[in-house]
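Below is one structure, written out as structure tokens, with a few remarks after it.
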Amino acid sequence: MVTSQFRCLVALGETLHLERAAQASEVSPRELLEAIRALEAEYGHPLIEAGPRFEGFTPQGEQVLAWARSFLQDSADLHHALQSSRQESAIAPLLERRSVSPKRLHAPGPDAEHIDLILQAALRAPDHGGLHPWRVLEFREGQRAALADRFEQEKRRRDPLASPADLRRAREHATRPPVLLAFVVVPRARSKVPAREQWLAAGAALGNLLNAAHQLGFGAIMLSGERCFDPLLSAELGIKADEFLAGFVSLGSVAEAPPPRNHALPGQVWSAWTAPVHSQAPSPPSPFFPHAPFFPQAHPLADPLNLDIDNDKR
């Protein structure tokens, strides 16, 4: 009740006119005067000069007006702070998500039910045409040693002079994570949906997958690296020639939180478009990238989902 009375008083202080103040307060002039009289009764002094029209505030009225303005501003600030807090709480899991290196993960990892929920979240990602241009391959415990052999062989092919420590690390990439998945992009070549939109859909699914793992209380990270471009390894994993091994997703309980990380500011990725003032037609886009049938598979830098390399520093 006091808040509405303060609003009437502040409106009168801004307009210095009873009818305009009533209109600004969305009350009738009579209701506005009743609100002023109620404040006068509460304070014990007249707040406005006596007269048939508004003649100004009394000294006590000026003091109460200042209090009312301060009260309403503090109330507005508090409301804004609470609203901002609620909004941040709503997206806190997204703001708090971090990639967690396999060396910071331990058992238990997500079980079959968790994996099913994680995949359901991935399937809810934006997907033009509902093509689901991706799939997930799980490497269960009994197959990890065989996968480690293939990781070591791929390392030897790529670096014949690899040290025993390098070969050991290559094997650990297959054996260390409690749960290990391969994320495979499967573009639908005969679809009317452009290839780049299919890659975006796959990336959105991967994002949902990682966020879902975080929501369930697990750490997760996507690692790619040069092994994802080894055709022999891909063939041994059952990945077809028209599919792309985007990387390996490690999942598990977080044994050690990752170190703090500086985040980019929204202004670094945001801009507002303004129409050009000249009438000259813009140059057409390059015919190569937008219309290429699929992204090349020749080098990690060409892979839009390449999120890390073998030398993991997380």
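Considering only residues that are aliphatic (A, V, I, L, M) and without any contact (Cβ under 8 Å) to a residue 24 or more places away in the chain, which ones fall in region 154-199? Talk me through it step by step, then tell me what you get.
We begin by selecting, within region 154-199, every residue aliphatic (A, V, I, L, M); these are 161-162, 165, 167, 170, 174, 179-182, 184-186, 189, 193, 195.
Listed by number, the residues that qualify are LEU161, ALA162, ALA165, LEU167.
Quick one: is LEU206 out of contact with any helix residue (DSSP H, G or I) (no Cβ under 6 Å at 6 or more places or on another chain), at pLDDT below 85 and either under 27 Å from ALA125 (Cβ atoms) or surrounded by fewer than 10 Cβ atoms within 10 Å (Cβ to Cβ) (or both)? Taking the combined requirement at face value, the residue does not satisfy it.
Residue count for region 1-16 satisfying the condition of being hydrophobic (A, V, I, L, M, F, W, C) and open to solvent by 70 Å² or more (accessible area, probe 1.4 Å): 3.
Residues in region 41-57: is at least one in a helix (DSSP H, G or I), at pLDDT below 95 and in contact with a Leu (Cβ under 9 Å, 6 or more places away or on another chain)? Steps first, please.
Kept after step one, since they are in a helix (DSSP H, G or I), are these residues of region 41-57: 41-43.
Narrowing the set further to residues that are at pLDDT below 95 leaves 41-43.
Filter once more, so that each one left must be in contact with a Leu (Cβ under 9 Å, 6 or more places away or on another chain): none.
Checked against the condition, which is being in a helix (DSSP H, G or I), at pLDDT below 95 and in contact with a Leu (Cβ under 9 Å, 6 or more places away or on another chain), region 41-57 yields no hits at all.
Can you list the helices (runs of 4 or more DSSP H) found entirely within region 92-172 that contain at least 1 residues being open to solvent by 60 Å² or more (accessible area, probe 1.4 Å) and closer than 22 Å to SER224 by Cα? Don't jump to the end; show me each part of the working.
Working: elements: 92-96, 112-123, 144-158.
Because the criterion is at least 1 residues that are open to solvent by 60 Å² or more (accessible area, probe 1.4 Å) and closer than 22 Å to SER224 by Cα, the helices (runs of 4 or more DSSP H) in region 92-172 that meet it are 112-123, 144-158.
Just checking, does region 192-202 include any residue being more than 19 Å from GLY129 (Cβ to Cβ), in contact with a strand residue (DSSP E or B) (Cβ under 8 Å, 6 or more places away or on another chain) and assigned to a helix (DSSP H, G or I)? No, region 192-202 has no match at all.
Within region 173-196, the set of residues being closer than 20 Å to GLY109 by Cβ, open to solvent by 20 Å² or more (accessible area, probe 1.4 Å) and touching a Leu at 6+ places or on another chain (Cβ under 7 Å) comprises just one member, PRO178. Filter region 220-243 for residues that are in a helix (DSSP H, G or I), open to solvent by less than 20 Å² (accessible area, probe 1.4 Å) and in contact (Cβ under 8 Å) with a residue 24 or more places away in the chain and give the result. Correct list: ARG227, CYS228, LEU233.
State whether one or more residues within region 77-96 are touching a strand residue (DSSP E or B) at 6+ places or on another chain (Cβ under 6 Å), closer than 30 Å to GLY252 by Cβ and among the hydroxyl-bearing types (Ser, Thr, Tyr). No, because not a single residue in region 77-96 is touching a strand residue (DSSP E or B) at 6+ places or on another chain (Cβ under 6 Å), closer than 30 Å to GLY252 by Cβ and among the hydroxyl-bearing types (Ser, Thr, Tyr).
Can you find a residue that is open to solvent by less than 60 Å² (accessible area, probe 1.4 Å), at pLDDT below 55, within 30 Å of GLY109 (Cβ to Cβ) and polar (S, T, N, Q) anywhere in region 244-265? Looking through region 244-265, none of the residues is open to solvent by less than 60 Å² (accessible area, probe 1.4 Å), at pLDDT below 55, within 30 Å of GLY109 (Cβ to Cβ) and polar (S, T, N, Q). Across region 17-59, which residue is nearest to GLN5 (Cα to Cα) among those that are open to solvent by less than 100 Å² (accessible area, probe 1.4 Å) and among the polar types (S, T, N, Q)? Ranking the candidates gives SER25 first.
The values are calculated or read from the model by the stated rules, or taken from the named source; none is laboratory data. For clarity, every value in this text was computed on a predicted model and none was experimentally measured. Positions of Cβ are backbone-derived with ideal geometry, glycine not excepted, and every protein chain shown enters the neighbour counts. What goes into the accessible areas is simple: the full protein's heavy atoms, side chains included, and nothing from ligands, DNA or RNA. Shrake-Rupley method; radii C 1.70, N 1.55, O 1.52, S 1.80 Å.
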